[in-house]
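Comments concern the structure below.
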Amino acid sequence: MRRRIRDAFVRASRKGRAAFVPFLTAGDPSLERTPALVAALERAGADIVELGVPFSDPIADGPVIQRASERALAAGATLGTVLQVVREIRFRSEIPLVLFSYFNPIHRYGLARFAVDAAAAGVDAVLVTDAPVEEARPLWETLSSVGVDLIPLVAPTSTRRRIKAVKALAGAFVYFVARTGVTGMREVLEGGLGEQVRLVRRLAGTRVVVGFGISNPEQVHAVARLADGVVVGSALVARIAELGNTPELEGEIEGFARSLAAATVRR
């Protein structure tokens, strides 16, 4: 499973671009359409897909993804049903899948049970936003025992000591939060990003994927020249909210995602 993520980065690098990592809230607009949306993103050029596990108190997410979680929860999404969606995706695709979750749903599900079920479903890695490096080792050990990576997060405010501590847990990549605060679309990226990415890559000793606030092709291109991968979340989720359960949903998302994927070329 770890091989899928590694190979995705290698393929992207050979083509002279950063990996394109779109984010979806699983279950929005419905659990039934999430596999089709993932397929649309893959056709558009996604290298890795992040699937957000809906949660009632998403402290790291801005209004767009908060509302998506509310819609998904109202439609019956749970951690268990999200894993079932992953199984459905795996029937027809080998695209790397990263679950983006909070610790509470995993804790309620049962850590060991979650790790086994996630691996069996075909999850490649898990990103837990509220599991700081000082407390994440049990989670890392449990996931590692079944071949699933834990993706640590690093912020612009992270100290050198904390970034170095991440190295012991980092697998396929480190997720660098491009700005302080919550997720959401921004017109301007934070300054000094290149220097920060280089520092994190050197101290953590692995690839760096940048997310939070990246919402259009111009921003994707700017980040792609600095990082190993680029995450776009809120901009895609906002379009899904606009389109809802319409017949045009997958086609519109594919078209928008294609413009983002094209912008990952570094030249």
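Here, each number is a calculation from the coordinates, and none is a lab measurement. No experiment lies behind these values; they were computed from the predicted model shown. Every residue, glycine as well, gets a Cβ built from its backbone with ideal geometry; the counts of neighbours run over all protein chains shown.
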Review point. Out of G80, G233, G213, any idea which swings most in a Gaussian network model of the chain, alpha carbons joined below 10 Å?
Key: G80
Point to revise | Furthest towards positive pole of dipole, A155, A77, T25, structure part the chain, Cβ charges | key: A155
Exercise for review: Decide, for segment 1-153, between rounded, prolate and oblate: order the square roots of the alpha carbon gyration tensor eigenvalues as a ≥ b ≥ c, take rounded if a/c falls under 1.5, and otherwise choose prolate if a/b is larger than b/c, else oblate.
Suggested key: rounded
Review point. Sorted by packing (mean other beta-carbon atoms within 10 Å per residue), highest first, where do 3-12, 123-132, 156-165 land?
Key: 123-132, 3-12, 156-165
Revision key, fill the gap. Counting sequence-distant residues (5 or more places) and residues on other chains, those with an amide H built under 5 Å from that of V174 are R207, V208, V209
Practice item. Return the whole-Å distance between the Cα centroid of segment 189-267 and the Cα centroid of segment 33-71. Key: 13 Å
Point to revise | Structure-based [θ]222 nm, the chain - -39500 (n - 2.57) summed over DSSP H runs of at least 4, per residue, nearest 500 | key: -14000 deg cm²/dmol
Exercise for review: At 0.36 nm per residue, minus the direct Cα-Cα distance, what do R113 and S13 gain on full extension? Give it in nm, one decimal, please.
Suggested key: 32.5 nm
Review point. Using just the C-alpha positions of segment 3-65 as equal point scatterers, what log10 of I(q)/I(0) does the Debye formula give at each q in 0.13, 0.26, 0.28 1/Å?
Key: -0.44, -1.08, -1.15
**Study point:** Lys, Arg +1 and Asp, Glu -1 on Cβ, resulting dipole of segment 1-147 about Cα centre, debye, nearest 20
**Key:** 680 debye
Check your understanding: Looking at segment 2-262, what % of its DSSP beta bridges pair antiparallel, to the nearest 5?
Key -> 0 percent
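Suppose R0 equals 30 Å. What FRET efficiency, 1/(1 + (r/R0)^6) with r the Cβ-Cβ distance, do R239 and D130 give to the nearest 0.05?
The formula returns an efficiency of 0.65 here.
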Check your understanding: Name the residues of segment 30-47 whose amide N is less than 18 Å from a point 7 angstrom out from the Cα of E70 along the C-beta direction?
Key -> 30
Check your understanding: Semi-axes, largest first, in whole Å: what does sqrt of 5 times each Cα gyration tensor eigenvalue give for segment 2-262?
Key -> 24, 22, 17
